[in-house]
Structure formats: structure tokens, C-alpha cells
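The values are calculated or read from the model by the stated rules, or taken from the named source; none is laboratory data. If you're wondering where the values come from, they're calculated on a predicted model, not measured in any experiment. Neighbour counts run over all protein chains shown; Cβ positions are idealised from the backbone, glycine included. Heavy atoms of the whole protein, side chains included, go into the accessibility calculation; ligands, DNA and RNA do not. Shrake-Rupley method; radii C 1.70, N 1.55, O 1.52, S 1.80 Å.
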Amino acid sequence: MQIFPRSIMFEQTDIDRVRELTDLAALIGEHIVLTPKGREHVGLCPFHDDSNPSFAVVTHKGNHFYKCHSCGASGDCFRFVQEHLQKNFAEAVEFLADRVGMQIEQTGRSDPAARNTADRKTWLRKAAKAACDFFCKSLEEDAGKQARDTIKQRGIAPEMVERFELGAAPAGWDSLRNALLGPELPEKVLVASGLLKKRNEGDGSYDTFRNRLIFPIHDETGNPIAFGARALSDDDQPKYLNSQEHDLFHKGRTLYGLHLARASIVKSRVAIVTEGYTDVIACHGAGIENVVGTLGTAMTDEHVRKLARLCDRIVLVFDGDEAGRNAAERAVRNVFRHPVDVGICVLEQGQDPDDMLRTSDGKQRFYQAVEASRDAIEYLLERFQERLDDTKGLSARQRTLEQFIETLRGLGLNEVDGLRRSMLVNRIAEVMAVAPRDVDALLRRTPAKAASQPVAENEQRTTGARQIAERDLLAVLLFRPESLKETGLASAAVLSADRFFDPAHQALANTMEDLLQANLPTMQAVLGRLDDESHRELASRLYFIGERLAKDSDETTTEHPLLRAIAALDDRVQEEVLRQELSDWRNRDDTDERTPADVIKDLGTRKRRASAILRSTGND
């Protein structure tokens, strides 16, 4: 049975209009913190573990594209939504069209190559949305009475129920199945999304969530992708149950409530992280909106990386019991290598944020607890100090010290930026009552790292004179496409295939030649035409090279940068021709009696001095 949707297409004019109306800096600024720098905006790259801002958003001269100068990621608004928000192209177009208030129509055409491709994500989103609507509706019906009572007992206000789209799963074994199963949502899709489970014996399936209060889990754009469910009866175990992981949902990458908290996090520059759904809802209900929650896991590298792009400080809030203290210690393990301050806030014994905020002075006490949070490394050192104080004997204390250092090394302390590492080493030495150099020596006493990885294929680029000249010509045209009009040159002549030897340069030249038949191409138009990621990375990199070349030309010569680049490439091409002719002469047979002087004379009319080329290639 074919259960996957076809790839919907749109009119190119509609796609171009959506791209034109989208404020790229504003779009990306909703997901990472961008700082104006000259004519660009810079920030931490969302596509790799970035510690120094290497991500640039260009929005001048009619161009709207992004480029990471470290990992090479590049693209336009559609590519950003596809890569960062994990949507396919059609979904990205619809998402951005809706964002700018534009109505677009599907043409009904589909890409033949993609016609039978399994687009799982589209179906998973459809299933999650249908299930979310079903659970919300069930909450208002008789089947949701027990869930409504629980919501009331927990003190969750109606506006928070609506804001977080809380719902109810009826107690029946097939309530959701009967409501959703059909041609629009086949059983295979509902099973893959974790909403149904296959029966152990025989055919058929049954509801995963039964007689539970439902907490929809959303992606960063606010679309439901999974569900958390709290049991309404003591007989139902476990008490909390999450959707199984799938293409859209990974607990280690998802933060509950981030779609609602992002704006407040960016504004306050602080993210508060709690451990449960109700804690997040209680905080938002109290007006503390820069709060998100983990989903039954400790803070992961992905969690910290995601929040570090939005703020300067992360405060991890834990319950005041021993389990909470241990969880806080585990959470510290993923913060060292990220350029963000992390605080640990352990509440009073036996309290969680939900409990605290339901008291008359709870909001004030919660703020005070967050303000009093200790630096993560300080907290880890305090826990270490407690263990050290309980350790008797010199040898035992030495082993405790070495184990702690081994823990820090395993957490990536050696990978921390130099200044931050130095400060941490000094603080550790202070607690240990030893010299910082001894701590440093212990930290560095590690096995040599694995042999350096081979250079990625796309990094092994030829740097010969001709490749550089080809690159510079394309760079000038990418940055200043109006150069052709300024110099009166035809695009077909400048971008002819025989000018470019490098295959990537040829592909880029062909793309620009096609686009130039209509209008002067913007960078986003060029990037939108390039299917190969390495070609997009090349184009965006060349744009910045072109900017530098144009600036240098304006400052040092009156010659147009395009004419200068063409002349340089023509020289390199001619030089290769001369070298080939000289190589042929060196490998001559007995019938060719020309001497070096004869060759120089024969080639003497060439622009490049033949004698210089002859010397550089050697002679007989």
C-alpha cells in the first residue's frame, strides 16, 4: 500500500515572492542570537558545535543568505527551515508563506523522482496534529472528566491548558484508533508515530495512551510532534509515559515548551530548565516564561547547544532531595565545552517548582532561588569537597583526587577555551589545596588523541593558480553581478564552459549563466538553484571573497574588478597552453630539431614570457 504523499510543487514566482518577503535575519534571529556586525549579522552556528561566532547572515545589496565560515553551512530562508527545523521543501515553502501572510496554491505537479519516496516526516506531523486535536477534544467530553479534575487539582489555569494544548486520552483500548484510522491516516503511520501499538498476537493494534492526561510535545515552530502522558489511576504504570522516538522526536534534542519560551529566553538572556511538564506549565502560569523542561533525560549536549545559541546563562533547577542533587551533578557533565554560563539551582528539601509556585510567596522564593544558583563547576566542586571530607587516609584522598580529575577530563575540560580552562584549573587547585600546575599536569596526562582524521574530500581543494583565478572570477560576479552591465560584456562569453576547468566552478558558472538570462541573480537565487551542498558552500564562500576583491580593487586600481579577474584567468589559461606546448617540445622526437632559443622565438609573441616558463619547467 502506498502511504506516502507526493512531493507538492509550487509556481516559481510564488517561491521567489515568499523568499523576497521573508526577513532572513528576523527568521534566523528567532532561533539563535544574532549581533549586528558591519553590514551583516553574526552568531553561533546552529549547524555545528560553535564556540566562537562564525555564522553570518547577509542581508544587503538585495542578497539574503547565511554562511558559516567554520562548517560551511549556507543557504537561503528555505534551506534554513529545511535544515534547522527539519522540514521538507514543500513544508518550508508553506511555513514561510504562512509566516509572511501570503496565500500560495499547489500546482498539483510532483517530482517524478520523488513520487514514490517515503516522506515519513510529513505523515508523522499529520498524525501528531490529528492526535493532538483528538486529545484536546476528548478533554472537553465526558471521557475527559478525570483529566479535568486532575488539572483542577494541580491548579493549572484554563489559559495554560489552552496555551500548552493539554488533552485527555480516553480509557478505551481503541478510542484514538477508531477516531483517526482511515485512508488519510493508515495504521502503519499511526504505529510509526507511537500512537498505536501492534498486538502481540494476531492482527490489529490498540491505543498507546489510555486513561491519561496528555501533554503535547511541540517542535520549535509550535507543531506537535510527540506526547507525554500522566496516568490518572494508580493502577496504570508507569506514571509518566512518552511517545517513542521517531524521525521528528528525539528526547535528547527536544525541550518541552521551547516554542513558547524562546522569545522570553532571548529577551532575558537566561534559560531556566526544569525536570517536568507541570513545572514548566506552573512557571509560565506564574509569568516566568523563560522556562523549558527536559523529557525524562539529563541535560544533553544537544540541549545545551540549542540553548547556548539563545542566551548567555542556563539555570538548571532540581528538586531538593538527594535524587535531585545527584541529577544536578549528572547534568553538569555536558556544560564545559559550551560558551555559556550554567547555574545549578537546588530547591528546598522536598519541593519542586510546581509546589513552590502554588504558595502565596512562591514566585518571589523561586526567583530568589534562581538568583542564588551556583555556578555549575562550583556545584561540582562542592559535591567533590563533600566526598573528600568523608575520605580518610592520604592514599584514599589521592585516589579521590585522581578520580575527580579523570571525571573532569572525561567531561571535556581539556577542550574548553584557554581562558575558561585556566580559571577552572585555578578553582580546582584551590579546593584541592594543590598548585594549579599539578592539576594541569594531571589533566594533561591523557593518552594521545586518535590519529588526526583524514581531511574531508570537499576540503582537499586544488589551490593551483588557475583554480584561484577561476574562483576569483566567479567571486566577483557573485558579489557584483551588475559587473557585466558595467563592463558591457556578455554573460555567455564571460561564463563560457571552456574558461573553467574545475567541475564545481563549471557547475556554478552554468547556474549563474542560466539565472542571468532573466535578471541579475541574488545570492539566495543562486543558492536556491544549487542542489549539491558542496556547491552551495562554495558559492557562499566565494561571495565573501568577491567582496574583498571588489574592495581591494576599488582601493588600489581604476581597473574594474571583473576585467581584472578575466585578465588574470586568461593569463593562467594561456600559461597552461604554453606549458603544454613546451612539454610537447621536451618530449619531441628526432624530427624536431628546434633549440630552446627557437622555441622562445616561436612563442615570443605570447603575453606570458616564454623564457620564464621554459626555465620553470626545466630544459634539456
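Looking at the calculated P(r) for the range 209-328, what percent of the C-alpha pair distances fall above 27 Å?
Summing the P(r) of the range 209-328 above 27 Å gives 15 percent of all pairs.
Using a cut-off of 13 Å between beta-carbons, work out the net charge of the residues near V81 (Lys and Arg +1, Asp and Glu -1, V81 not included). Please list the in-between numbers first.
Details: positive: R19, R79, K87, R99, K121; negative: E30, D76, E83, E91, E94, D98, D219, E220.
Counting the neighbours of V81, the net charge comes to -3.
Among the chymotrypsin sites (Phe, Trp or Tyr not before Pro) in the range 132-181, which ones are in a DSSP loop with at most 16 other Cβ atoms within 10 Å of the Cβ? Mind listing them?
W173
If you take the Cα atoms of the range 469-521, find Rg, then find the Kirkwood Rh from the mean of 1/r over all pairs, what is Rg/Rh?
0.92
For the range 189-250, with every protein chain kept in place, what is the accessible area per residue (1.4 Å probe, Å²)? Before the final figure, lay out each step's value.
Working: 2620 Å² over 62 residues.
Normalised by residue count, the accessible surface of the range 189-250 is 42 Å².
Separation between the R358 and Q103 pseudo-spin-labels, each 7 Å from Cα along Cα→Cβ, expressed in nm?
In this crude label model, R358 to Q103 measures out at 4.8 nm.
Label-point separation (nm) for Q506 and D234, each offset 7 Å from Cα along Cα-to-Cβ?
Simple spin-label model gives 7.6 nm for this pair.
Against the globular-protein guess of 2.2 N^0.38 Å, express the Cα radius of gyration of the range 483-594 as a ratio, rounded to two decimals.
1.36
Rg/Rh for the range 302-407 to two decimals, with Rh computed the Kirkwood way over all alpha-carbon pairs.
Ratio of gyration radius to Kirkwood radius: 1.04.
Rounded to the nearest 20 Debye, what is the dipole magnitude of the chain about its Cα centre when Lys and Arg each give +1 and Asp and Glu each give -1 at the C-beta?
The dipole magnitude comes to about 740 debye.
Taking only DSSP H segments of four or more residues, each worth -39500 (n - 2.57), what value at 222 nm results for the chain once the sum is divided by all its residues, to the nearest 500 deg cm²/dmol?
Rounded to the nearest 500, it is -14500 deg cm²/dmol.
Can you give me the Kirkwood hydrodynamic radius for the chain, using every pair of distinct Cα atoms, in Å to one decimal?
The Cα-based Kirkwood calculation yields 29.1 Å.
Sequence neighbours fewer than 8 away in the same chain don't count; with that in mind, list the lysines whose C-alpha is under 28 Å from K485.
K61, K67, K551, K607
Can you give the Rg to Rh ratio for the range 1-101, taking only C-alpha atoms and Rh from Kirkwood?
When Rh is taken as the Kirkwood radius, the ratio is 1.02.
Obtain the nm distance between the two label points defined at K197 and K137 by a simple spin-label model: each point lies 7 Å from its Cα along the Cα-to-C-beta direction.
2.5 nm
Cα convex hull of the range 493-537: how many Å³ per residue? Don't skip to the end; give the middle numbers.
Values: hull volume 3.1 nm³, N = 45.
Residue-normalised Cα hull volume stands at 68 Å³.
Just the number, please: carbon plus sulfur as a percent of the accessible area of the range 162-281, 1.4 Å probe, no ligands or DNA/RNA counted. Present the calculation step by step, with values, prior to reporting the outcome.
Details: 2200 of 5070 Å².
Carbon and sulfur atoms account for 43 percent of the accessible area of the range 162-281.
For the range 151-271, what's the radius of gyration and Dmax over Cα atoms, in angstrom?
16.0, 55
Within the set of other residues whose C-beta is less than 13 Å from the C-beta of S496, count the net charge using Lys and Arg as +1 and Asp and Glu as -1.
Around S496, the charge tally is -3.
In percent, how large is the relative contact order of the range 237-394, given Cα pairs closer than 8 Å and 6 or more residues apart?
Here the relative contact order equals 20 percent.
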